[in-house]
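As structure tokens, the structure follows; a few thoughts come after it.
The values are calculated or read from the model by the stated rules, or taken from the named source; none is laboratory data. Every value quoted in this text rests on a predicted model; they were computed, and no experiment measured them. Don't worry about glycine lacking a Cβ; one is built from the backbone with ideal geometry, like all the others, and counts go over all protein chains shown. With ligands, DNA and RNA removed, areas are computed over all heavy atoms of the protein, side chains included. Shrake-Rupley method; radii C 1.70, N 1.55, O 1.52, S 1.80 Å.
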Amino acid sequence: FLSSTHTTKYFRAMILTAETNAIKHLNELSLKAIKERCPSVPAYALPKPNYSDKKANDLTKSIIDFVNLSGGFAERISCEGRVIDQRQTITDVVGRCVTIGRIKRIKTSAQIGTADVAATVGGRSIKVEVKTGSDRQSEVQKIYQQQVERAGALYFIAKDFQSFFDWYNLNFENHE
């Protein structure tokens, strides 16, 4: 029998292996698509995909590319407001450069609380909220999730690519 320390290390290693298997699968899908797009380029000259799920942007890109490479359609949704830069740089009478004015932020007209990724797979609408590290869903995002699910769409909170990959395959196992 293994001690609890060895058991913990063993399961941690298994989890890391599983995570890399999902990312590895995505890298293989991407490389296959690159080879199909560029059949005359020798294999050694093709760019090697290098997906990750360590940061929110990396995880979002991995999810979008995986859905698109698997025959679905996915896109990033951004509901940030618009920035209007009202600053001007002028030279005063003494010859100094001075910046005057301000940056103004206008609220978004998009749905507040919207998910990070919108996708369609096999005719089903999917919304994916990306949360990494200690990031948690806001109350507005929880209300948005309820609205999406009430309308019959699927909603998933992705904390890493492996969990999204498993969820996707569970819900769309015959789609790829």
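Counting only residues that are open to solvent by 90 Å² or more (accessible area, probe 1.4 Å) and basic (Lys, Arg), which one in the stretch 95-109 is farthest from VAL121 (Cα to Cα)? So, considering only residues that are open to solvent by 90 Å² or more (accessible area, probe 1.4 Å) and basic (Lys, Arg), the one farthest from VAL121 (Cα to Cα) is ARG96.
The one condition from (1) open to solvent by less than 80 Å² (accessible area, probe 1.4 Å); (2) of a type outside the set (Val, Ile, Thr); (3) in contact with a Lys or Arg (Cβ under 6 Å, 6 or more places away or on another chain); (4) farther than 30 Å from ILE143 by Cα that HIS25 does not meet is (3). Taken over the stretch 62-94, the criterion of being open to solvent by 20 Å² or more (accessible area, probe 1.4 Å), assigned to a loop (DSSP other than H, G, I, E, B) and at negative phi is satisfied by ILE77, SER78, CYS79, GLU80, GLY81, GLN86, ARG87, ASP92, VAL93, VAL94.
Pairing each residue of the stretch 124-149 that is at negative phi with any residue that is hydrophobic (A, V, I, L, M, F, W, C) and surrounded by fewer than 14 Cβ atoms within 10 Å (Cβ to Cβ), provided the two are 6+ apart or on different chains, yields C-beta distances under 6 Å for VAL140/ILE112. Here the stretch 107-160 is the region considered, the condition is being assigned to a strand (DSSP E or B) and of a type in the set (Ser, Thr, Tyr), and the residue that is nearest to PHE73 (Cα to Cα) is THR120.
Name the single residue, out of those in the stretch 123-142 being out of contact with any Gly (no Cβ under 6 Å at 6 or more places or on another chain) and open to solvent by 60 Å² or more (accessible area, probe 1.4 Å), that is farthest from LYS159 (Cα to Cα). Filtering the stretch 123-142 for residues that are out of contact with any Gly (no Cβ under 6 Å at 6 or more places or on another chain) and open to solvent by 60 Å² or more (accessible area, probe 1.4 Å), the one farthest from LYS159 (Cα to Cα) comes out as GLY123. Among the residues of the stretch 143-157, those identified as of a type outside the set (A, V, I, L, M) and either open to solvent by 40 Å² or more (accessible area, probe 1.4 Å) or within 17 Å of ILE112 (Cβ to Cβ) (or both) are TYR144, GLN145, GLN146, GLN147, GLU149, ARG150, GLY152, TYR155.
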